[in-house]
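In what follows, a single structure is set out as structure tokens and then discussed.
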Amino acid sequence: MTALPTSGPVPARAGIGLRLPHHALVLEERPAAAWFEVHPENYMADDDALAQLEQVREHYPLSLHAVGLSPGSVDGPSPAHLARLAQLVRRLGPGLVSDHLSWSQAGGRHLPDLLPLPYTEEALAVVCRNVARIQDTLGRTMLVENPSTYLEWSHSAIPEAQFLAEVAHRTGCGVLLDMNNVYVSARNQGRAPVAALDAWIAALRLDQVGELHLAGHALTHTPSGEELRIDDHGSPVCDDVWALYQRALDCFGAVPTLIEWDTRLPSFATLQQEAACAQRHLDALAAASGSWTRPVFANGR
Amino acid sequence: MDAESRRSSATAKATGPALGELQARMAAALLATDAAGQSLPAGWISGRVPAADALHAHRNTVLGGLSHALRQSYPAIDRLVGEAFFDRMAVAWARTQPPAEPQLAGYGAGFAEFVAGFPGVEALPFIAELARLEWQFDELARMRPDRGSALQADRSQDAIELGGGLVLRFAATLRVLVTRHPVAALREALLQEDAPRVGTLAQSPGVHAQALWRGPAGVCVRLLHPAAARCLVLLQAGEALPLALEASRGELAEAAFMDLIRADLLEAGFTTLTGPAP
């Protein structure tokens, strides 16, 4: 299959997570959007949706945000799934490709959740091995996203930020820093979100951060009555997460930023409004930064 | 923290389970049905949220995700039995048949047979046939309209010579379902929430034939006379036209039979007829 030219680099502007119900509107109206991000798994067995995405790609830069590579799995990524993703990457030429610091595959079964890793030397070796294999198969670098967590493993020995920073150092991958996940994980573990973000800022080099995510979450209670925040991507970004985002921009500079809203999907206009809010942060940063140019993540190969 | 500090810290920490064991046991715990099976060894999990609650949250995500995927493929079944009952069936099936691959479009083959034997559906004798129809809809909906796809083996249709230069071809995505219940009509009535019509159709067992194919705007359905369906199945299997017609006519008078062949096959949306203009 002849590879299409890349859809173009993803700009350091606010993009929108594109979901199937909005395909028709995007194709018919060509609304203002700096770039789109999709879950490639939604297009691997749906020829019709993939044909539509190829049309979208002709007009907008595209990012593929996978949820099924399972970089933390001892079993490694599913060879068939990795091959399907590689085919999509060749076909769509996305500006960015990413997945999560988590696992979903075990014993030949896929569990549709981003399950937590212990941060141990063994897990570090497994993740580095899998990320290297994924990058070799795709023929390009990828970004790995910090997860949202409900639990910690007692035998974790490496702080999360340093764990992912080490993965990036050893493999050359970049980091997708999800502000909502920083917040949700911190609150679920009883920690201060700002301190949690500062740990990421201290651990990562500027050129390792290739993308930022912004999303909403749900506040629930466990059966035993504990507060629990669920990263459900089903609501606007909350004020505390906007504040973390501003702090991240102040430290990392302008980074491609995505509005992630997957459940209880709102109108496209609402997503544009959220993206516009992120863009105002980016524009203010640009105005304040003058001619300073941040080092960018060395995408591709 | 440098590598040496990490190693010291790692030594100081409890050694904990190997990663493979942790992942295997957590996966099993998320799919287990009993309280003992749903837990992990004491001390494995720390943090503010109690271990059982954290696992409960992950379990809800996993089983909810699989139930949602099945609901997307079987919307009429969902309407038929209601959300709560559908979730019970879906979760029960998912626990025994978790997916092997990450993309969930295409997860659910075999659910129809599971549903047929699920306790509580005895009063719905058409449920298995309806579920099989829904699975066909699901596969066809994910195809492109201009050709079949890797979702099914390429069934490029050989041309059927009709004489006089006329050539007949059927859509590559065409499928024929012969059922004891009018499941295509039932599906439509369920999705339209037309309860009286559902009730009437549910009491109409017999021989019902449906042709399904992927049209430009979505999945198309056409009801067929059983004789036309027999003929179509024979033609798709490569039978010569004269033999297919002879084998499928049954007790029908020839004129009536040819009328329904013309209406159900030659003039159907899944048929392309090419050749010299009359």
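The values are calculated or read from the model by the stated rules, or taken from the named source; none is laboratory data. From a predicted model like this one, the values you see are computed outputs, not experimental measurements. Don't worry about glycine lacking a Cβ; one is built from the backbone with ideal geometry, like all the others, and counts go over all protein chains shown. Side chains included, ligands, DNA and RNA excluded: accessible areas come from the protein's heavy atoms. Shrake-Rupley method; radii C 1.70, N 1.55, O 1.52, S 1.80 Å.
Below, the figures for the structure above:
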| quantity | calculated |
| --- | --- |
| Test: residue in the stretch A:5-20 that is within 14 Å of chain B (Cβ to nearest Cβ), within 29 Å of A:R264 (Cα to Cα) and surrounded by 17 or more Cβ atoms within 10 Å (Cβ to Cβ) | yes |
| Per-region count, the stretch A:179-220, residues over 19 Å from A:F163 (Cα atoms), within 12 Å of chain B (Cβ to nearest Cβ) and surrounded by 19 or more Cβ atoms within 10 Å (Cβ to Cβ) | 2 |
| Matching residues, the stretch A:53-64, being over 18 Å from the mean Cα position of the chain (by Cα) and open to solvent by less than 10 Å² (accessible area, probe 1.4 Å) | A:L53, A:V56 |
| Leading residue by the ranking (nearest to the other protein chains (Cβ to nearest Cβ)) among those in the stretch A:65-92 that are open to solvent by 10 Å² or more (accessible area, probe 1.4 Å) and under 18 Å from A:G174 (Cα atoms) | A:V67 |
| Output for the stretch A:96-109, where each listed residue is buried (at least 23 other Cβ atoms within 10 Å of the Cβ) and either modelled with pLDDT under 95 or in contact with a strand residue (DSSP E or B) (Cβ under 7 Å, 6 or more places away or on another chain) (or both) | A:L96, A:V97, A:S98, A:D99, A:H100, A:L101, A:S102, A:W103, A:S104 |
| Considering residues of the stretch B:59-77 that are within 7 Å of chain A (Cβ to nearest Cβ) and aliphatic (A, V, I, L, M) only, the residue nearest to the chain's Cα centre (by Cα) | B:L66 |
| Count of the stretch B:18-58 residues which are part of a helix (DSSP H, G or I) and facing chain A (nearest Cβ under 7 Å) | 14 |
| Filter result for the condition that a residue is modelled with pLDDT under 95 and out of contact with any Ser or Thr (no Cβ under 6 Å at 6 or more places or on another chain), over A:D48, A:D75 | A:D48 |
| Among (1) more than 24 Å from A:L92 (Cβ to Cβ); (2) open to solvent by 40 Å² or more (accessible area, probe 1.4 Å), the one test that A:Q272 misses | (1) |
| Qualifying residue in the stretch A:152-175 (condition: under 27 Å from A:P79 (Cβ atoms), assigned to a strand (DSSP E or B) and modelled with pLDDT of 95 or more) | yes |
| Residue match in the stretch A:61-68 (condition: farther than 21 Å from B:T61 by Cα and either part of a helix (DSSP H, G or I) or touching a helix residue (DSSP H, G or I) at 6+ places or on another chain (Cβ under 9 Å) (or both)) | yes |
| The one condition in (1) touching an Asp or Glu at 6+ places or on another chain (Cβ under 7 Å); (2) buried (at least 18 other Cβ atoms within 10 Å of the Cβ) that B:R71 fails to fulfil | (2) |
| Pick from the stretch B:98-115, criterion free of Cβ contacts under 8 Å to residues at least 24 places away in the same chain and surrounded by fewer than 17 Cβ atoms within 10 Å (Cβ to Cβ), ranking: farthest from the other protein chains (Cβ to nearest Cβ) | B:E113 |
| Among (1) away from every other protein chain (no Cβ under 12 Å); (2) free of Cβ contacts under 8 Å to residues at least 12 places away in the same chain; (3) part of a loop (DSSP other than H, G, I, E, B) - the single one A:A45 does not satisfy | (1) |
| Meets criteria (over 29 Å from A:T222 (Cα atoms), open to solvent by 10 Å² or more (accessible area, probe 1.4 Å), outside any loop (DSSP other than H, G, I, E, B) and not acidic (D, E)) for A:R133 | yes |
| Residue list for the stretch B:232-255, restricted to those being open to solvent by 60 Å² or more (accessible area, probe 1.4 Å), part of a helix (DSSP H, G or I) and in contact (Cβ under 8 Å) with a residue 24 or more places away in the chain | B:V233 |
| Within the stretch A:193-301, strands (runs of 3 or more DSSP E) holding 3 or more residues that are farther than 26 Å from A:V26 by Cα and touching a residue at least 12 places away in the same chain (Cβ under 8 Å) | A:227-230 |
| Residue within the stretch A:244-254 that is within 20 Å of A:V184 (Cα to Cα), within 14 Å of chain B (Cβ to nearest Cβ) and open to solvent by 60 Å² or more (accessible area, probe 1.4 Å) present | no |
